[in-house]
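The values are calculated or read from the model by the stated rules, or taken from the named source; none is laboratory data. What you see is a predicted model, and the numbers here were worked out from it, not measured in a lab. Using ideal geometry, Cβ is built from the backbone for each residue, glycine included, and neighbour counts are taken over all protein chains shown.
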Amino acid sequence: MHIVHTESSLGWGGQEIRILTEARGLMERGHQVRLLCPDKAQIFRAASDYGVPVVALPIYKKRLPDFFPLRQWLAENRTGIDVVNTHSSTDSWLAALACRTLANPPPIVRTRHLSTPVNGSRGTRWLYEKACAHVVVTGEKLKEQLVDQNRFPADHLTSIPTGIDTDRFQPRGRLAARAYLGLDPEAIYVGILATLRDWKGHTILFEALAALGARWPRLRLLVIGDGPYRDRLDIRAESLGVTERIDFVGHRLDAERWLNALDVFTLPSWGDEGVSQALMQAMASALPIVTTPVGSLTEVIHDGETGLIVPPRDGAALAVAIERLLTDAGLAQRLGDAARALAVERCGVERMLDRMEEIFRRYGRPGSV
């Protein structure tokens, strides 16, 4: 098949990583894949690292100067395209309207990655139900939300969580990982791997760190990832008096080594989550996990079975859960082992590729193979 992805987002996070991982995986299966995105987008620069062909188009906003370049490109290439996979709101609207104005346009499959509510306007209903041949979401809870709140037909939606490489992310020696990274072998490390956005819950984790500080003098926090909220996080850490106990290590291409160095993984998010890639990577690394019941996170973290669940925006509850894992090695081991087993069973990248390939074949051009 010839698959074209569109992405208008300029940022970098799980959504962009999924697009490139999926594109590379389907290329390795013999499909032709291209990505259309702005040249200022971080995914544009990262595409070459994944070996994904990319075309620069100024699809920044829902406006005519952005609509026409995309329409022209689709008009010139539409006969050879089996399916267009859109991702963010802007590129989904631009692609839908462009295809609406073309003769014999390629079908559109929309992938929706977040759990933010979808408005109930007539235009949005047209976009989801008429302009798109099918809609993929990244968690079953997201599908339920669109069915219950927006009354979209359930058979028009498919939940396909993002897949991860369970060979790359697996348990390894903690001390060896710390030695490789130059980390203190005697410290206790709690960590988070996430783009630095407000709703990922970093500040809630800072509050938990402050609450645990007096009882756990060797406790440190590893913040893995980068993003637009770094300055605000610095200010909040300083106000809580925990700056000296936080290591901001930035975006890392060797995230698996940083996860291997942790004692506990946390994702205290309070919004906009599908099934988080970072969460699944921590699961595959057999880490004991504390997270929240938002979006689709509870599809893989079952309280007391594959991790611990705490209420969103509750630093005190997060501190209690972290301390529980630090003081009960048996519980931490059991939760980590169960999380790894579930990740291997349900969260592998090949499973995601199988299911996306099936969707593209079913809803792409008739006769595509």
Problem - Which numbered condition MET356 fails, given (1) more than 30 Å from VAL84 (Cα to Cα); (2) touching a residue at least 12 places away in the same chain (Cβ under 8 Å) - result: (1)
Practice task
Please indicate, with yes or no, whether at least one residue in region 51-63 is assigned to a helix (DSSP H, G or I) and either surrounded by 18 or more Cβ atoms within 10 Å (Cβ to Cβ) or in the same structural domain as VAL135 (by TED's automatic domain parsing) (or both).
Solution key: no
Completion exercise
Checked region 106-139 for anything part of a helix (DSSP H, G or I) and closer than 25 Å to VAL4 by Cα; matches are GLY123, THR124, ARG125, TRP126, LEU127, TYR128, GLU129, LYS130, ALA131
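Here is a yes/no grid of residues against (1) touching an Asp or Glu at 6+ places or on another chain (Cβ under 9 Å); (2) in the same structural domain as GLY11 (by TED's automatic domain parsing); (3) surrounded by fewer than 21 Cβ atoms within 10 Å (Cβ to Cβ):
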position: GLY182; (1), (2), (3): no, no, yes
position: GLU186; (1), (2), (3): no, no, yes
position: GLY191; (1), (2), (3): yes, no, no
position: ARG197; (1), (2), (3): yes, no, yes
position: LEU205; (1), (2), (3): no, no, no
position: LEU209; (1), (2), (3): no, no, no
position: ALA214; (1), (2), (3): no, no, yes
position: PRO217; (1), (2), (3): no, no, yes
position: LEU222; (1), (2), (3): yes, no, no
Practice task
Would you be able to say whether some residue in region 145-165 is within 30 Å of ARG218 (Cβ to Cβ), in a loop (DSSP other than H, G, I, E, B) and within 15 Å of the chain's Cα centre (by Cα)?
Solution key: no
Handout entry: Residue identified as part of a helix (DSSP H, G or I) and under 26 Å from MET352 (Cα atoms) among ALA96, ALA75
Key = ALA96
Completion exercise
Screening ALA98, ALA46, ALA75 for residues that are under 27 Å from the mean Cα position of the chain (by Cα) and of a type outside the set (Ser, Thr, Tyr) leaves only ALA46
Exercise for the section: Please verify whether region 25-48 includes one or more residues that are assigned to a helix (DSSP H, G or I), of a type outside the set (A, V, I, L, M, F, W, C), touching a residue at least 40 places away in the same chain (Cβ under 8 Å) and closer than 30 Å to TRP199 by Cβ. Expected result: yes
Fill in the blank from the handout: Those residues of region 257-314 which are among the aromatic types (Phe, Trp, Tyr) and within 22 Å of ILE188 (Cα to Cα) amount to TRP258, PHE265
Practice task
For GLY336, work out the one condition from (1) buried (at least 21 other Cβ atoms within 10 Å of the Cβ); (2) over 19 Å from the mean Cα position of the chain (by Cα); (3) in a loop (DSSP other than H, G, I, E, B) it doesn't fulfil.
Solution key: (3)
Fill in the blank from the handout: Over region 234-284, the set of residues under 19 Å from ALA208 (Cα atoms) and either touching a Lys or Arg at 6+ places or on another chain (Cβ under 6 Å) or of a type in the set (Val, Ile, Thr) (or both) is ILE235, VAL242, THR243, ARG245, ILE246, VAL264, THR266, SER269, TRP270
Completion exercise
When ALA47 is run through (1) closer than 16 Å to SER89 by Cα; (2) crowded, with 21+ Cβ neighbours inside 10 Å, the failure sits at (1)
Exercise for the section: Among what's in region 262-293 and is surrounded by fewer than 23 Cβ atoms within 10 Å (Cβ to Cβ) and farther than 22 Å from LEU183 by Cα, pick the residue that is modelled with the lowest pLDDT. Expected result: ASP272
Completion exercise
Screening VAL84, VAL136 for residues that are hydrophobic (A, V, I, L, M, F, W, C) and under 30 Å from ASP254 (Cβ atoms) leaves only VAL136
Problem - Conditions (1) out of contact with any Lys or Arg (no Cβ under 9 Å at 6 or more places or on another chain); (2) part of a helix (DSSP H, G or I); number of the one not met by THR298 - result: (1)
Fill in the blank from the handout: Counting only residues that are among the basic types (Lys, Arg) and free of Cβ contacts under 8 Å to residues at least 40 places away in the same chain, region 126-179 contains a total of 3
Problem - Hey, ALA316 crowded, with 23+ Cβ neighbours inside 10 Å, in contact (Cβ under 8 Å) with a residue 40 or more places away in the chain and in a helix (DSSP H, G or I) or not - result: no
